[in-house]
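Worksheet: the structure to be examined is printed underneath.
The values are calculated or read from the model by the stated rules, or taken from the named source; none is laboratory data. Because the structure is a prediction, the values reported are computed rather than measured. Note that each Cβ is placed from the backbone with ideal geometry, even for glycine, and that neighbours are counted across all protein chains shown. Remember, those area values only see protein heavy atoms, side chains included, never the ligands or the DNA or RNA. Shrake-Rupley method; radii C 1.70, N 1.55, O 1.52, S 1.80 Å.
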Amino acid sequence: MAKLLSAIEDNNLDNIRVWDEDARALLPLMGAETLARVFVLYPDPWPKKRHHRRRFINGRTLADIHRLLEPGGELFFASDIPHYVAWTLAHVRDHGGFEWLAEGPADWREPPGDWFSTRYEQKALKAGRTPAYLRFRKIRRAED
Ligand SMILES: C[S@@+](CC[C@H](N)C(=O)[O-])C[C@H]1O[C@@H](n2cnc3c(N)ncnc32)[C@H](O)[C@@H]1O
């Protein structure tokens, strides 16, 4: 957080808001259709089965993110944990309000063109792990 604040000051940025708490508490407080893009990058994997329910991606957070995204807005997810990638695909499919924007393997194996690599991603790549990049577009659900 200190590094982020220094970078904001050094670059004279005045369009950034920072929340240094659990992001799940912030989501319901924000206005509907106020975000163009949401990035969930390398969320904690919680690898033990009994801890999976602590994962950031779940039905509740997907419902919140869906409400926050403007029509056609996009959710980006990256992870180097294959089980979490499959978990996210299954939860997004079950939610029903997102279209997975992948036509072939390159779409999840390669980051999008304007991607900024994160510190965790660099660590994962150095350790020989393979990230997956998932990009979803908000669509209307039949029941909405
Ligand atoms: C594996 S690190 C990845 C950090 C960074 N996104 C990157 O790619 O370098 C996971 C981060 O998510 C944060 N985190 C976990 N649960 C969170 C939550 N509910 N709200 C906000 N941040 C959370 C942790 O504090 C940690 O910094």
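Would you check which residues across segment 90-122 are touching a strand residue (DSSP E or B) at 6+ places or on another chain (Cβ under 9 Å) and open to solvent by less than 50 Å² (accessible area, probe 1.4 Å) and list them?
Val92, Gly97, Phe98, Leu101, Ala102, Pro112, Trp115, Thr118, Glu121, listed by residue number.
Taking segment 13-30 on its own, how many of its residues are more than 12 Å from Phe56 (Cβ to Cβ) and without any contact (Cβ under 8 Å) to a residue 12 or more places away in the chain?
Summing the residues that are more than 12 Å from Phe56 (Cβ to Cβ) and without any contact (Cβ under 8 Å) to a residue 12 or more places away in the chain in segment 13-30 gives 10.
Going residue by residue through segment 59-66, is there one that turns out to be of a type in the set (Ser, Thr, Tyr) and surrounded by 15 or more Cβ atoms within 10 Å (Cβ to Cβ)? Before the answer, list the steps.
First, the residues of segment 59-66 that are of a type in the set (Ser, Thr, Tyr): 61.
Going one step further and asking which of them are surrounded by 15 or more Cβ atoms within 10 Å (Cβ to Cβ), we end up with 61.
Yes, there is a match, as at least one residue in segment 59-66 is of a type in the set (Ser, Thr, Tyr) and surrounded by 15 or more Cβ atoms within 10 Å (Cβ to Cβ).
Among what's in segment 19-52 and is within 8 Å of the ligand (Cβ to nearest atom) and acidic (Asp, Glu), pick the residue that is surrounded by the most Cβ atoms within 10 Å (Cβ to Cβ).
Among residues in segment 19-52 that are within 8 Å of the ligand (Cβ to nearest atom) and acidic (Asp, Glu), the one surrounded by the most Cβ atoms within 10 Å (Cβ to Cβ) is Asp44.
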